[in-house]
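A.B. asks: Dropping the structure in here first, questions after.
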């Protein structure tokens, strides 16, 4: 790797957030008077190592132009896809006009507002010389149960899963632009709508590195997550 290699951020922000039980896409909900997406974007835009940020926005999104961060010169817009992996791939295609295939890309959930600059520093430090890349993650601490999805409402235990070696995947997830683009293209062609970038790289035969992150780096998925995030962001 040479000094010319740069670091970029990709933020898929085209989701609807149906589990939040609100009409507003969850990235536009507010925490302590600011929109969730503002927290997520501001960290990357302000970070000195990040050369630029590409955000996937859904067609017809009327809220994005109202965000102060939408006018940040460091941000480029890409079309949102029907699912996350398609949005990320659209961002990578847009980024290909600005970046080299060997540049690193940090993909982060728009609904993870508690990301810190130290998280980005840690990921870059641990992965910049890695042959594949990796992701922030947390070792599973709780006893894990697998539900029987074939029975009733799927709320009955089928088995207890051995938690040894299990990790909760977080974001950012950091991979080289060219390699991640190829992995996502291949996964989508094969009908594999992967739920994170590491899964795409795994399907392509790679072994991403797990970098232990912070428990505060939560994803806003349910209404109760808002209250917890507000405490972390005070």
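A.B. asks: At a threshold of 8 angstrom on Cα-Cα distance, excluding pairs fewer than six apart, so keeping six or more, what relative contact order does the range 117-234 reach in percent?
C.D. replies: 30
A.B. asks: Rule-of-thumb check for the range 7-232: C-alpha Rg over 2.2 N^0.38 Å?
C.D. replies: Dividing the Cα radius of gyration by 2.2 N^0.38 Å gives 1.01.
A.B. asks: Stretched out fully, how many nm does the piece from residue 59 to residue 122 gain, at 0.36 nm a residue minus the Cα gap?
C.D. replies: So the chain would gain 19.3 nm between residue 59 and residue 122.
A.B. asks: So what is Rg over Rh here for the range 51-171, counting just Cα atoms and using Kirkwood for Rh?
C.D. replies: 1.06
A.B. asks: Based on the alpha carbons, how large is the Rg to Rh ratio for the range 116-211 when Rh follows Kirkwood?
C.D. replies: 1.06
A.B. asks: Follow-up. Quick one: work out the % antiparallel among DSSP beta bridges in the range 123-234, nearest 5.
C.D. replies: Of all bridge pairs located within the range 123-234, approximately 70 percent are antiparallel.
A.B. asks: How high is the FRET efficiency from residue 143 to residue 93, r the C-beta distance, R0 45 Å, rounded to 0.05?
C.D. replies: 0.60
A.B. asks: Based on other C-beta atoms within 10 Å, arrange 87, 224, 96 from fewest to most.
C.D. replies: 224, 96, 87
A.B. asks: Take the eigenvalues of the Cα gyration tensor for the range 5-110, scale each by 5, and report the square roots as semi-axes in whole Å, largest first.
C.D. replies: Sorted largest first and rounded, they come to 23, 16, 11 Å.
A.B. asks: Enter the per residue convex hull volume of the range 92-159, computed from alpha-carbon coordinates, in Å³ rounded to the nearest integer.
C.D. replies: Measuring per residue, one finds 205 Å³ for the Cα hull of the range 92-159.
A.B. asks: Can I ask one more? Residue 231 versus residue 82, label points 7 Å from Cα toward the beta carbon: distance in nm?
C.D. replies: 4.0
A.B. asks: Another question, then. Between residue 185 and residue 151, what FRET efficiency follows from the Cβ-Cβ distance if R0 is 45 Å, with the result rounded to 0.05?
C.D. replies: Efficiency, from the Cβ-Cβ distance: 0.75.
A.B. asks: Count the DSSP beta bridges whose two residues both fall in the chain, then state the antiparallel fraction as a percent rounded to the nearest 5.
C.D. replies: The answer is about 45 percent antiparallel.
Only the coordinates and a few stated rules stand behind these numbers; no lab work does. Given the structure is predicted, the values throughout are model-derived calculations rather than measurements. Neighbour counts are summed over all protein chains in view; Cβ atoms, including those assigned to glycine, are modelled from backbone coordinates with ideal geometry.
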